[in-house]
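To start, the structure itself, in structure tokens.
No value in this document is a laboratory result; all are computed from the given coordinates. As the structure is a computational prediction, the values presented were derived from the model and not from experiment. Backbone-built Cβ (ideal geometry, glycine too); neighbour counts: all protein chains shown.
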Amino acid sequence: MKNIIVFAGSNSKTSINKQLAIYASSLVENVTVSVLDLNDFELPLFGVDLEKEIGFPEPAQQFLKLIAESDGIILSLAEHNGAYSTAFKNIFDWMSRIEAKTFYGKPMLLMAASPGGRGGASVLAMAQDRFPRHDAHIVETFSFPNFADNFSDGIIVNNDLNAALKNKVQTFQKAL
């Protein structure tokens with residue numbers, strides 16, 4: 001059975017991106033799902049001087065190992081001021097110093113959710129440009145706007161958005 005990892009690019013305990021990622025993973029059939037939480041991989045703030053001093057922290061190595069051992073990735077990025085959240089950027093920076101091909105060519109469903117109407121469009125565009133340079137195989141992207149209006153009780157309640165995500169999940173599943 002295939003194993004996918006699912007996580008949000010956020011350290012919020014009530015992350016809307018984590019909720020969306022978990023829902024998307026529930027639509028993938030015949031897989032084992034491992035939900036990761038960035039809070040479980042506490043890291044010091046990346047810096048080259050610190051890297052020289054301490055090497056690569058174990059939590060970054062563990063996270064990278066989980067990516068390497070997976071068959072696919074569902075990632076929903078939080079957008080902070082038009083970019084990655086600090087928590088995600090920090091773990092991404094540490095991992096990319098350990099292994100430049102951070103995503104190991106794994107099929108990825110890349111998403112972003114936001115409380116506003118743009119659905120994390122800026123962070124999605126940034127990731128679509130950057131991640132392939134780190135060997136991400138982005139098979140689909142999904143921008144989810146107006147979270148509070150379109151998501152309730154763990155599911156997407158907007159029929160059009162739900163149908164769109166289901167189509168993207170099917171494409172992701174075929175890539176596994």
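The table below lists the values:
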quantity	calculated
First in the stretch 156-172 and free of Cβ contacts under 8 Å to residues at least 40 places away in the same chain, second anywhere and assigned to a helix (DSSP H, G or I), Cβ under 9 Å, 6 or more apart	VAL157/ASP149; VAL157/ASN150; ASN158/ASP149; ASN158/ASN150; LEU161/ASN150; ASN162/ASN150
Enumeration of residues in the stretch 38-75 that are of a type in the set (D, E, K, R), exposed (fewer than 14 other Cβ atoms within 10 Å of the Cβ) and over 15 Å from MET95 (Cβ atoms)	ASP49, LYS52, GLU53
Number of the exception - SER85 against (1) touching a residue at least 60 places away in the same chain (Cβ under 8 Å); (2) under 13 Å from LEU20 (Cα atoms); (3) not basic (Lys, Arg)	(2)
Flag if PHE7 is assigned to a strand (DSSP E or B) and under 27 Å from PRO145 (Cβ atoms)	yes
Test: SER34 is under 17 Å from the mean Cα position of the chain (by Cα), surrounded by 14 or more Cβ atoms within 10 Å (Cβ to Cβ) and in a strand (DSSP E or B)	yes
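Per-residue answers, yes or no, for (1) farther than 15 Å from ILE5 by Cβ; (2) out of contact with any Ser or Thr (no Cβ under 6 Å at 6 or more places or on another chain):
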| position | (1), (2) |
| --- | --- |
| LEU75 | no, yes |
| THR86 | yes, yes |
| MET95 | no, no |
| ARG130 | yes, yes |
| PHE151 | yes, yes |
| ALA163 | yes, yes |
| GLN170 | yes, yes |
